[in-house]
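The values are calculated or read from the model by the stated rules, or taken from the named source; none is laboratory data. Keep in mind that this is a model prediction, so the values were computed, not measured. Cβ sites come from the backbone with ideal geometry, for glycine too, and all protein chains shown count toward neighbours.
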Amino acid sequence: MNLITISGPPSSGKTSIILKTIYALHERDLKVGVVKFDCLYTDDDIYYKKAGVPVKKGLSGSLCPDHYFVSNIEEVVQWGRSEKLDVLITESAGLCNRCSPYIKDIKAICVIDNLSGINTPKKIGPMLKSADIVVITKGDIVSQAEREVFASKVHSVNPKAITMHVNGLTGQGAYELSTLLYDEKEDVETVKGKQLRFSMPSALCSYCLGETRIGEDYQMGNVRKMKLGDEND
C-alpha cells in the first residue's frame, strides 16, 4: 500500500483534485481510499462515498488538527491495509499556515490556489516548504502571466518540489499527478518509528487547557509576548 499525505489551505481545491486524481488511478485498476482530517465539520466524505471510494473522517474539535493527525495516523494506516488498498490518501487542511503533517519517506503534496495572493507562498511554513509536490489550482481564473509569477513564488520557497497546475473542475493535469503518486515498489506496513519532517506547532499554555480569562495573571506555560515598546528601552 502506498501512503500519500495531501494538505493545503482551506478551500484551495484539495478534495476536487483528489477526486479527479482517483478517477485516473481507478483506470489503472488501483483501489484507493481516503481519510479526511478536519476541525469542526466536513461533508467531503459524502463526495468520496458517491465516487465509490472507501473513506473515513476524523474531526479534531478543539485540538490542533496536526496533533490529531499524528496521534491517529498509525491506526489509519492499519485501516487502509485492512481494506486492502493500493493507495491510501490522507487529506488535511492547513488552518494556521504553520501546519506540518508530513512524514519522512512518505509522499507529501501541498495544494495551493492562484487566488490566495501573490505573497501567500511566503506565509506558508513547512506545509509548503517541505512538500514533494506542489499542486497549484484555479489557474483558469487568472492570466498566464499571473500563473507564471505565482509558480515562481512557490519555486522560490520550495525549489526542490515538483510544481504543477491541476484544474479541479475539468481534471486537466490530474492524470499527470496520478502517475507521480503510485509506486508499485513501495509498501507501507506501518509508520511506527517514522519521524515527522518538521516539528508540530508548539503550544501548551493555560488557554490550551481551557482558560478563557484574559490577562497575565491567567497566562502560564508556553506564552510569547510582542515587543511593543521602544527597541532602545
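Assessment of the range 156-163 against the conditions (surrounded by fewer than 16 Cβ atoms within 10 Å (Cβ to Cβ), outside any helix (DSSP H, G or I) and over 20 Å from the mean Cα position of the chain (by Cα)) yields no matching residue. Set side by side, the residues VAL87, VAL76, VAL111 differ, and just one is buried (at least 16 other Cβ atoms within 10 Å of the Cβ) and under 20 Å from THR163 (Cβ atoms), which is VAL111. Restricting PRO101, PRO121 to those that are more than 20 Å from ALA174 (Cβ to Cβ), modelled with pLDDT under 90 and under 15 Å from the mean Cα position of the chain (by Cα) reduces the list to PRO101. Taking the range 192-207 as the region of interest, how many residues are touching a strand residue (DSSP E or B) at 6+ places or on another chain (Cβ under 9 Å) and either of a type in the set (Gly, Ala, Ser) or at pLDDT below 80 (or both)? Number satisfying all stated conditions: 3. One residue stands out among those in the range 215-226 that are over 29 Å from the mean Cα position of the chain (by Cα) and outside any loop (DSSP other than H, G, I, E, B): the one that is surrounded by the most Cβ atoms within 10 Å (Cβ to Cβ), which is TYR218. Does ALA131 satisfy being of a type in the set (A, V, I, L, M), part of a loop (DSSP other than H, G, I, E, B) and buried (at least 18 other Cβ atoms within 10 Å of the Cβ)? Spelling it out, ALA131 is indeed of a type in the set (A, V, I, L, M), part of a loop (DSSP other than H, G, I, E, B) and buried (at least 18 other Cβ atoms within 10 Å of the Cβ). Here the strands (runs of 3 or more DSSP E) wholly within the range 1-71 that include at least 1 residues being polar (S, T, N, Q) and either at pLDDT below 95 or crowded, with 16+ Cβ neighbours inside 10 Å (or both) are 2-8. Beta carbons closer than 6 Å, at least 6 apart along the sequence or on distinct chains, pair a first residue in the range 27-44 that is within 14 Å of LEU95 (Cα to Cα) with a second that is part of a loop (DSSP other than H, G, I, E, B) and small (Gly, Ala, Ser) for CYS39/SER60. So which pairs qualify, if the first residue must be in the range 170-198 and touching a residue at least 40 places away in the same chain (Cβ under 8 Å), the second must be surrounded by fewer than 17 Cβ atoms within 10 Å (Cβ to Cβ) and among the aromatic types (Phe, Trp, Tyr), the Cβ gap must be under 8 Å, and the two must be at least 6 apart or on different chains? Correct list of pairs: GLY171/TYR23; ALA174/TYR23. Please go through the range 137-154 and give me each residue that is surrounded by 19 or more Cβ atoms within 10 Å (Cβ to Cβ) and either under 13 Å from the mean Cα position of the chain (by Cα) or among the small types (Gly, Ala, Ser) (or both), ordered by number. The answer is GLY139, and nothing else. Collect the residues in the range 183-214 that are of a type outside the set (A, V, I, L, M, F, W, C), out of contact with any helix residue (DSSP H, G or I) (no Cβ under 8 Å at 6 or more places or on another chain) and surrounded by 13 or more Cβ atoms within 10 Å (Cβ to Cβ), keeping them in residue-number order. Result: GLU186, LYS194, TYR207.
Looking at VAL166, VAL111, VAL191, can you tell me which residue is under 14 Å from ILE4 (Cβ atoms) and touching a Gly at 6+ places or on another chain (Cβ under 9 Å)? Just a single option satisfies the conditions, and that option is VAL111.
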